[in-house]
Amino acid sequence: MAAPARSTVLSWTTVVPVVGVLVLVATWGRALSLVPVVLVAIVLAATVLAAVHHAEVVALRVGEPFGSLVLAVAVTVIEVALIVTLMASGGPGASSLARDTVFAAVMITTNGIVGIALLLGAFKRDTTLFNAEGSGAALATVMTLATLSLVLPTFTTSHPGPQFSGPQLVFAALASLVLYGIFVFTQTVRHRYFFLPVTEEGVIETEEHAEVPTGKAVLLSLGLLLMALIAVVGLAKVESPAIEAGIRAVGFPSSFVGVVIALLVLLPETIAAARAAWRDRIQTSLNLAYGSAIASIGLTIPSIALASVWLTGPLTLGLGPVQMILLLVTVLASVLTVVPGRATRLQAGVHLVLLAAFVFLAVNP
């Protein structure tokens with residue numbers, strides 16, 4: 001992971017999180033016209049980029065694969081906050097917002113981020129290399145979590161509709177937390193070498209390619225990262241009425257709100273994964289992609305289950321037939337991509353086409 005530019009008092013990465021918080025304070029709870037909405041959107045995008053920078057600084061300090069976890073957890077915090085706030089406000093599609101967002105996150109990470117990383121890696125060399133053991137274990141965790149939380153509710157009979165009963169929801173939440181905990185322990189402690197980059201000779205590469213930032217720089221970036229995350233969550237909430245109105249205006253289904261949320265919260269991961277792939281660190285990109293998917297399900301579903309105690313209305317988690325077919329094809333394609341430990345432009349194209357199919361069918365179900 002290459003070292004990002006150091007933060008200084010006058011650097012944009014230091015100023016933008018502060019500006020984001022100030023804009024949040026100035027706009028919170030107010031109805032905005034078109035111009036302020038556009039300005040808030042610009043500040044929101046800049047704050048996301050600043051969050052990426054500061055997360056990378058922290059990641060450099062703790063090293064890989066811990067660094068990938070920093071971004072994954074940061075992204076999940078944003079995702080959960082957005083889902084809960086939008087569900088609490090009600091509106092069309094509120095009951096299925098968690099399902100739509102989590103499923104979109106799975107499709108974007110396993111097809112979009114992976115596809116972009118493999119494509120960029122293929123520009124550097126014809127065949128990209130990664131550790132099949134670690135990536136395969138992460139993929140298995142993603143698909144198990146997706147099945148438990150998004151597929152089973154469609155077929156259970158204790159509750160009418162694609163919903164879990166109370167005990168079933170508790171089980172799914174606990175199972176998600178357990179799997180997430182086991183994965184983190186495996187990735188960071190017991191089998192950390194499974195998630196480290198490999199060379200052409202198949203040797204695990206442990207050498208750091210960037211200067212480790214000082215403790216002072218890390219503490220500054222950690223504080224600014226937290227500030228940026230607060231600003232992103234708040235500004236996204238400020239923008240949510242405009243997003244929902246825009247989706248209705250163009251005639252998209254209300255479920256597309258979940259896709260927009262997932263695209264927004266995964267922007268930091270996508271940028272970081274693309275940067276790593278361009279530096280020929282494909283394993284880091286895959287750690288980011290699958291780690292984000294695991295965190296998205298493993299932490300979001302338990303959080304939503306807890307929030308459902310005080311949220312009114314049903315909680316729809318089960319996928320429809322088209323979504324399940326897309327998930328099944330994604331599983332098969334991902335397995336065939338990961339198992340060899342190497343991939344080409346063809347695998348990148350397969351995953352990107354699957355992402356395009358998901359987005360298209362989300363617009364035209």
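The values are calculated or read from the model by the stated rules, or taken from the named source; none is laboratory data. Quick caveat, the model's predicted, so the values are computed rather than measured. Here the Cβ is made from the backbone with ideal geometry for all residues, glycine too, and neighbour counts use every protein chain on show. Just so you know, the surface numbers come from the protein's heavy atoms only, side chains and all, with ligands and any DNA or RNA stripped out. Shrake-Rupley method; radii C 1.70, N 1.55, O 1.52, S 1.80 Å.
Looking only at residues in the range 297-323 that are open to solvent by 40 Å² or more (accessible area, probe 1.4 Å) and modelled with pLDDT of 90 or more, which one is farthest from the chain's Cα centre (by Cα)?
Within the range 297-323, the match that is farthest from the chain's Cα centre (by Cα) is Pro321.
Looking at (1) under 30 Å from Ala94 (Cα atoms); (2) open to solvent by 30 Å² or more (accessible area, probe 1.4 Å); (3) assigned to a helix (DSSP H, G or I); (4) touching a Ser or Thr at 6+ places or on another chain (Cβ under 8 Å), which is the one condition that is false for Ala289?
Result: Ala289 passes all but (2).
Do the conditions hold for Arg248, that is, is it out of contact with any helix residue (DSSP H, G or I) (no Cβ under 6 Å at 6 or more places or on another chain), farther than 18 Å from Leu49 by Cβ and charged (D, E, K, R)?
On the way: out of contact with any helix residue (DSSP H, G or I) (no Cβ under 6 Å at 6 or more places or on another chain): yes; farther than 18 Å from Leu49 by Cβ: yes; charged (D, E, K, R): yes.
Yes: the conditions hold for Arg248.
Show the residue pairs meeting these rules: Cβ distance below 8 Å; 6+ apart or different chains; first residue within the range 329-344 and modelled with pLDDT under 95 and in a loop (DSSP other than H, G, I, E, B); second residue open to solvent by 10 Å² or more (accessible area, probe 1.4 Å) and small (Gly, Ala, Ser).
Val339/Ala132; Val339/Gly136; Pro340/Ala132; Gly341/Ala132
Restricting attention to the range 252-286, report how many residues are out of contact with any helix residue (DSSP H, G or I) (no Cβ under 6 Å at 6 or more places or on another chain), part of a loop (DSSP other than H, G, I, E, B) and farther than 25 Å from Ala41 by Cα.
Residues in the range 252-286 being out of contact with any helix residue (DSSP H, G or I) (no Cβ under 6 Å at 6 or more places or on another chain), part of a loop (DSSP other than H, G, I, E, B) and farther than 25 Å from Ala41 by Cα: 2 in total.
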